[in-house]
Amino acid sequence: MWEDAVSSLSSDTADLSGSSLTRICHIHLMYNITQLNLSNNQLCNLNGVNLLQKLTTLDASNNQICCVKGLHNMPSLVSLNLENNSELNSCIY
């Protein structure tokens, strides 16, 4: 499932919403992504997303995310949606 979604990415936008994802893999294949939609999955964390240095928009709403370490190291990120992640705590850095 993940491999099919990654192989069909446009050059700068990835919509992986509602894909039943439980983890993020193959992040190195998305190095040019500026907009990433990971909403409505089953993700517990955003490990590796901080490697996407061109990312400007990230929607990770409606998941099970409890920690978002590393996102403060993303100078290009200007829009972040973490709504409806009931497990999210103060573990930002």
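The number of residues in the stretch 49-74 that are under 13 Å from THR34 (Cβ atoms) and either open to solvent by 80 Å² or more (accessible area, probe 1.4 Å) or basic (Lys, Arg) (or both) comes to 2. Could you say whether any residue in the stretch 28-39 is on the phi > 0 side of the Ramachandran plot, more than 11 Å from the chain's Cα centre (by Cα) and assigned to a loop (DSSP other than H, G, I, E, B)? No - not one qualifying residue is present in the stretch 28-39. Pairs linking a residue in the stretch 12-32 that is touching a residue at least 24 places away in the same chain (Cβ under 8 Å) and surrounded by 12 or more Cβ atoms within 10 Å (Cβ to Cβ) to a residue that is in a strand (DSSP E or B) and among the small types (Gly, Ala, Ser), with Cβ atoms under 8 Å and 6 or more positions apart or on different chains, are MET30/ALA14.
May I ask you to list pairs of residues, at least six apart or on different chains, whose Cβ atoms are under 8 Å apart, with the first in the stretch 67-93 being modelled with pLDDT of 95 or more and part of a loop (DSSP other than H, G, I, E, B) and the second being surrounded by 11 or more Cβ atoms within 10 Å (Cβ to Cβ) and basic (Lys, Arg)? Cβ pairs passing all conditions: SER76/LYS54.
For LEU88, state whether it is open to solvent by 40 Å² or more (accessible area, probe 1.4 Å), under 10 Å from the mean Cα position of the chain (by Cα) and farther than 20 Å from LEU29 by Cβ.
Details: open to solvent by 40 Å² or more (accessible area, probe 1.4 Å): yes; under 10 Å from the mean Cα position of the chain (by Cα): no; farther than 20 Å from LEU29 by Cβ: yes.
When the stated conditions are applied, LEU88 does not pass them.
The values are calculated or read from the model by the stated rules, or taken from the named source; none is laboratory data. Note that the structure is a prediction, hence the values are computed from the model and not measured. As a convention, Cβ positions derive from the backbone with ideal geometry for all residues, glycine included, and neighbour counts pool all protein chains shown. For accessibility, only protein heavy atoms count, side chains too; no ligands or nucleic acids. Shrake-Rupley method; radii C 1.70, N 1.55, O 1.52, S 1.80 Å.
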